[in-house]
Ligand code: TXA
Ligand code: MG
């Protein structure tokens, strides 16, 4: 078989956006920037276009996709909307929040992995918004990485992972949030469930709804449609063995050789070396979140025997950072 041509990066010029929208309308895949992570997009209303997403990512058919929209009018064509969803959408859209609602028949079964519900979000990234407008139809898009690996936060990450499987990448620069969207199941407005923590925090959503969020506690049965995202034990995982600590102590680091990497949350005092890293010098959670996936990729490429990391302190965005660290360590939720 002839090797496929490598993917090309497109800047967000009006001409390129019009071209990429035509590719999407014709049923092709385009990797797209969002404020969270890059997505691998297809026309959400075209089942055979969405089938290509699963092939390119090596994603199992039981893992449903998120549908991206540009207007509230579009939401009503895809899902049964209730007051809780309207409230959250009004407050947090466009933005890094995905709502799970009962689906309408317009959404092909492949998008939702046969589930009666659909996950929808209105992204905030300006290029993605322009592309969605030009496409007219909504775009189904999971993160643009091979299944199970760390999500991409730059166009270069997308090319490194999927460069031989796709042809078009819209380059919108590094993503500003760096973690995937918060997912909330609001099918039952009296029992809203947090399926995945993200930059819109549990506390913000609870304040808006005026009630507590339930958590997606347990793991699904193997091969059953996933009730919640990424509950497979390993997800967002580097290939290097990844060990999570509540807090890393200087003593622990001193006992290890330089073949093991140590990833601190903030810059550690009195420790330095080629195997010492930190997410943000001052321990700022937003900047730490933005850097996390890129740094995991860099560490993974360094040939360290092990990567050690410590949990982020506090609530809010720390919950989302720690969720990704746990998954990288194969610990799932907790
Ligand atoms: O920020 C994001 O959410 C990014 C950007 C591209 O929008 N997307 C993303 O998609 O991270 P990803 O790879 O996490 O895949 C979508 C997740 C899946 O893990 C899936 O389990 C969950 O959303 N999901 C989709 N439909 C669902 C549904 N009906 N019920 C519960 N979870 C659903
Ligand atoms: Mg993903």
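The values are calculated or read from the model by the stated rules, or taken from the named source; none is laboratory data. Here the structure is a predicted model, which means the values were calculated and not measured. Here Cβ is always computed from backbone atoms with ideal geometry, including for glycine, and neighbour counts include all displayed protein chains.
Only helices (runs of 4 or more DSSP H) whose full extent lies in region 65-163 are considered here, and the ones with at least 1 residues that are surrounded by 18 or more Cβ atoms within 10 Å (Cβ to Cβ) and more than 19 Å from the chain's Cα centre (by Cα) are 72-78, 83-92, 126-135.
Among the residues making up region 280-334, those that are part of a strand (DSSP E or B) and under 19 Å from residue 149 (Cβ atoms) are 306, 307, 309. Within the span defined as region 241-264, every residue fails to be touching a helix residue (DSSP H, G or I) at 6+ places or on another chain (Cβ under 6 Å), over 20 Å from residue 194 (Cα atoms), assigned to a loop (DSSP other than H, G, I, E, B) and at pLDDT below 95. When residue 95 is tested against (1) in contact with a helix residue (DSSP H, G or I) (Cβ under 8 Å, 6 or more places away or on another chain); (2) more than 16 Å from ligand 2 (Cβ to nearest atom), exactly one condition is not met: (1).
Here is the figure for region 27-48: residues that are over 20 Å from residue 154 (Cα atoms) and either touching a helix residue (DSSP H, G or I) at 6+ places or on another chain (Cβ under 8 Å) or within 13 Å of ligand 1 (Cβ to nearest atom) (or both) total 4. Of all positions in region 52-64, at least one carries a residue that is assigned to a helix (DSSP H, G or I), surrounded by fewer than 18 Cβ atoms within 10 Å (Cβ to Cβ) and touching a strand residue (DSSP E or B) at 6+ places or on another chain (Cβ under 9 Å).
Given the criterion touching a helix residue (DSSP H, G or I) at 6+ places or on another chain (Cβ under 7 Å) and either modelled with pLDDT under 95 or farther than 22 Å from residue 324 by Cβ (or both), identify the matching residue among 271, 292. It is 271. Inside region 166-184, residues that are closer than 24 Å to residue 194 by Cβ and either without any contact (Cβ under 8 Å) to a residue 12 or more places away in the chain or touching a strand residue (DSSP E or B) at 6+ places or on another chain (Cβ under 8 Å) (or both) make up a count of 5. In region 197-214, the qualifying residues are those that are touching a residue at least 40 places away in the same chain (Cβ under 8 Å), surrounded by fewer than 21 Cβ atoms within 10 Å (Cβ to Cβ) and touching a helix residue (DSSP H, G or I) at 6+ places or on another chain (Cβ under 7 Å), and the one that is nearest to residue 84 (Cα to Cα) is 209. For region 155-162, indicate whether the set of residues that are touching a helix residue (DSSP H, G or I) at 6+ places or on another chain (Cβ under 8 Å), under 28 Å from residue 41 (Cα atoms), modelled with pLDDT under 95 and within 13 Å of ligand 1 (Cβ to nearest atom) is non-empty. Scanning region 155-162, I find no residue that is touching a helix residue (DSSP H, G or I) at 6+ places or on another chain (Cβ under 8 Å), under 28 Å from residue 41 (Cα atoms), modelled with pLDDT under 95 and within 13 Å of ligand 1 (Cβ to nearest atom), so the answer is no.
Among the residues of region 88-118, those that are in contact (Cβ under 8 Å) with a residue 12 or more places away in the chain, away from ligand 1 (no atom under 12 Å from the Cβ) and farther than 18 Å from residue 195 by Cβ comprise 91, 104, 106, 108. Consider region 144-165 and keep the residues that are within 16 Å of ligand 2 (Cβ to nearest atom) and touching a strand residue (DSSP E or B) at 6+ places or on another chain (Cβ under 6 Å). The one that is farthest from residue 197 (Cα to Cα) is 158. Within region 11-33, one or more residues are touching a residue at least 40 places away in the same chain (Cβ under 8 Å), surrounded by fewer than 20 Cβ atoms within 10 Å (Cβ to Cβ), in contact with a strand residue (DSSP E or B) (Cβ under 8 Å, 6 or more places away or on another chain) and part of a strand (DSSP E or B).
Specify the residue that is farthest from the chain's Cα centre (by Cα); the eligible residues are those in region 176-199 that are more than 16 Å from ligand 2 (Cβ to nearest atom) and not in a loop (DSSP other than H, G, I, E, B).
Looking at the filtered set, the residue picked out is 193.
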